[in-house]
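Data block below; observations after.
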Amino acid sequence: MTLDPETATFLIAGPVRIHPRVLRAMSMPSVNHRGDYFHGVVAEIREMLPALFGAKGRQVILSGSGTAGLEAMYSSLVPPDGRTLVLTNGNFGERTDQIVRRYSTHVTTVSAPWGSPLPEATVRAELEKGDVRAVCVVHNETSVGLANDLAPLVPAIRASGALFLVDGISAVAGIPEPIDAWGIDAVVAGSQKGLAAPAGLALVHLSERAAAALHPGTFYLDLAAHVKALEKNDTPWTPAVPLFLALREALKLLMEEGLEHRLERTHRLAEASRAAVAALGLALFPDPRHASDTVTVIRNPDGLGDPELRKALEREYHVLVQGGQGALTGKIFRIGHMGIADWPDLLVTFAALERILGKAGRLPAPGRALSAIVDRMP
Ligand code: PLP
């Protein structure tokens, strides 16, 4: 049967499935973005942002995907003079490097192989050399399913006095984002990940120190202009109004559930997925000690590429998961379980995987993956 997007199991690594309440919230006649109703929408969103980020500060809503948020953050905060340190261990880390290099000519990049932890000693040594004014890093590397534990680097970053700038696009509302505890100066969230809103908005949290350090970068994404307008529940340019309406509803759903609960559910789904992967005789791609809770990234077993596995999931079982990026295309597949993903999604996905592997004669023992999930259900 033809795939029906309304009933398919949708577990890509973002955008994620959207609750019907959020979809309905977008279906409104045009509203005046300079009128009282819309200012009220912005005010309501702003009231919920400190709970989303778990911190108070200047918080900005930008029309544009996550990358717009990154461009805003780096163009407004990466100092043109002084050194900037970029840490990379995946596709999005490499993209950070590309963006930052548009705004600074003094960039030092410290890299680990995709999916491996960051080389802490090298990062510390770079910071100790001095003159580092900003450190840029991806918290949750969606491309390889790895959550970077930045805690061990925090003392050295603080001692250096550098601004700590974090891509939290798939971290915020997916894994704990310890903004105050780690002294993060700016973090970007994407609407389409843990928040379970449609793609197209970026949210930026700024510490007071970062707000004071803003300098003009791009015109459209000038963070200082956005901070100033938002103080009056306004935006400098015409915002993506339907997405703001959707974001308000998605945030209300998140507040009803509670951020702690959402993080806990995401964590449990991740643990169940990892146990099910092991039960299928498959291997995780990233270092398992640092596996992300928002997306489980699995190596394709030998001889089973995208057509036999991921495409079969979609074609035969209407289960949508994501493939690898760049050099990992056809070598891994990624199951997202953030936002409003839930247990039935995992059961369907792993039942389908069991059947595909079984038919290929590659299943160690039938039923084990499903038991691994059921055993971990609340
Ligand atoms: N950074 C991370 C960690 C991401 O997961 C993504 C998207 O998946 C991006 C950056 C890019 O965001 P967008 O595609 O919304 O511009």
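If the condition is being over 23 Å from A199 (Cα atoms) and either among the hydrophobic types (A, V, I, L, M, F, W, C) or surrounded by fewer than 24 Cβ atoms within 10 Å (Cβ to Cβ) (or both), then the stretch 67-96 contributes L77, V78, P79, P80, D81, G82, R83, L85, V86, L87, T88.
Within the stretch 300-311, the residues that satisfy the criterion of being under 18 Å from A13 (Cα atoms) and either hydrophobic (A, V, I, L, M, F, W, C) or surrounded by fewer than 16 Cβ atoms within 10 Å (Cβ to Cβ) (or both) are L309, K311.
Considering the conditions (1) on the phi > 0 side of the Ramachandran plot; (2) out of contact with any helix residue (DSSP H, G or I) (no Cβ under 8 Å at 6 or more places or on another chain), N233 is excluded by exactly one of them, (2). With respect to the conditions (1) without any contact (Cβ under 8 Å) to a residue 40 or more places away in the chain; (2) in contact with a helix residue (DSSP H, G or I) (Cβ under 6 Å, 6 or more places away or on another chain), G174 falls short on a single one, namely (1).
Scanning the stretch 233-258 for residues that are of a type in the set (A, V, I, L, M, F, W, C) and part of a helix (DSSP H, G or I) returns V241, L243, F244, L245, A246, L247, A250, L251, L253, L254, M255.
Going by what's in this entry, would G339 be described as within 20 Å of H139 (Cα to Cα), crowded, with 19+ Cβ neighbours inside 10 Å and among the small types (G, A, S)? First the steps, then the outcome.
Values: within 20 Å of H139 (Cα to Cα): yes; crowded, with 19+ Cβ neighbours inside 10 Å: yes; among the small types (G, A, S): yes.
Yes; evaluated as a whole, the condition is true for this residue.
Of the residues making up the stretch 164-215, those that are of a type outside the set (A, V, I, L, M), under 25 Å from Q98 (Cβ atoms), in contact with a Leu (Cβ under 7 Å, 6 or more places away or on another chain) and surrounded by fewer than 24 Cβ atoms within 10 Å (Cβ to Cβ) are W182, G200.
Flag set for G145, criterion: within 11 Å of the ligand (Cβ to nearest atom) and either on the phi > 0 side of the Ramachandran plot or surrounded by fewer than 24 Cβ atoms within 10 Å (Cβ to Cβ) (or both).
Annotation note: Cβ proximity below 7 Å between a residue of the stretch 51-66 that is more than 13 Å from P239 (Cα to Cα) and assigned to a loop (DSSP other than H, G, I, E, B) and a residue that is of a type in the set (S, T, N, Q) and away from the ligand (no atom under 12 Å from the Cβ) (sequence gap 6+ or interchain) occurs for G57/S207. In the set (1) within 21 Å of Q325 (Cα to Cα); (2) over 23 Å from the mean Cα position of the chain (by Cα); (3) of a type in the set (S, T, Y), T67 fails one condition alone, (2).
Can you tell me which residue within the stretch 1-60, out of those that are β-branched (V, I, T) and under 14 Å from V241 (Cβ atoms), is modelled with the lowest pLDDT? That would be V31. Checking R124, R133 one by one, the residue that is touching a Pro at 6+ places or on another chain (Cβ under 6 Å), in contact (Cβ under 8 Å) with a residue 12 or more places away in the chain and farther than 21 Å from A171 by Cβ is R133 and no other.
Annotation note: Cβ proximity below 6 Å between a residue of the stretch 179-206 that is within 26 Å of A162 (Cβ to Cβ) and a residue that is of a type in the set (K, R) and surrounded by fewer than 24 Cβ atoms within 10 Å (Cβ to Cβ) (sequence gap 6+ or interchain) occurs for G183/R158; D185/R209; L206/R58.
The values are calculated or read from the model by the stated rules, or taken from the named source; none is laboratory data. From a predicted model like this one, the values you see are computed outputs, not experimental measurements. Don't worry about glycine lacking a Cβ; one is built from the backbone with ideal geometry, like all the others, and counts go over all protein chains shown.
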